[in-house]
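The values are calculated or read from the model by the stated rules, or taken from the named source; none is laboratory data. If you're wondering where the values come from, they're calculated on a predicted model, not measured in any experiment. Cβ: placed from backbone, ideal geometry, glycine included. Neighbour counts: every protein chain shown.
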Amino acid sequence: MKMIGKPADAAVIAGIVVFIVLISFQVYANRGEASQVRIDAQGEQWIYSLDADQRVMIPGPLGDTEVVIKDGQVHIPDSPCRNKICVTSGLIHRVGQWLICLPNDVFIRVEGEVPRDQEVDDVAF
């Protein structure tokens, strides 16, 4: 039994694949210019520029969580939490990306300008 019986079927399938690839590039290629990092911990808030390389210690209930901003990227190299999931989460650099250390109550997110055509109009779950 043939999966694709006619040349027109193959053309439709190829067209759908090309459409999906083009839409994916449009959605994920331009996420906006990241300009700052916002860190929330224990009711306090810190804002740092992504343009300046720095290492900061953020206090939490378990101790200090180390946050490194370097080359426009942010990561957590060390935290006093037990499982170190936040440490293994890697680097973030795009608007909307975030890191969290739940046990130490530290939340980090990248903020900046999102192009008007990339804004989310509505979200449904």
| Are any of the residues in region 10-23 surrounded by 14 or more Cβ atoms within 10 Å (Cβ to Cβ) and either part of a strand (DSSP E or B) or at pLDDT 75 or above (or both)? | no
Selection over region 66-87 where residues are surrounded by fewer than 17 Cβ atoms within 10 Å (Cβ to Cβ), modelled with pLDDT of 95 or more, of a type outside the set (D, E, K, R) and farther than 23 Å from Ser35 by Cα yields a count of 1
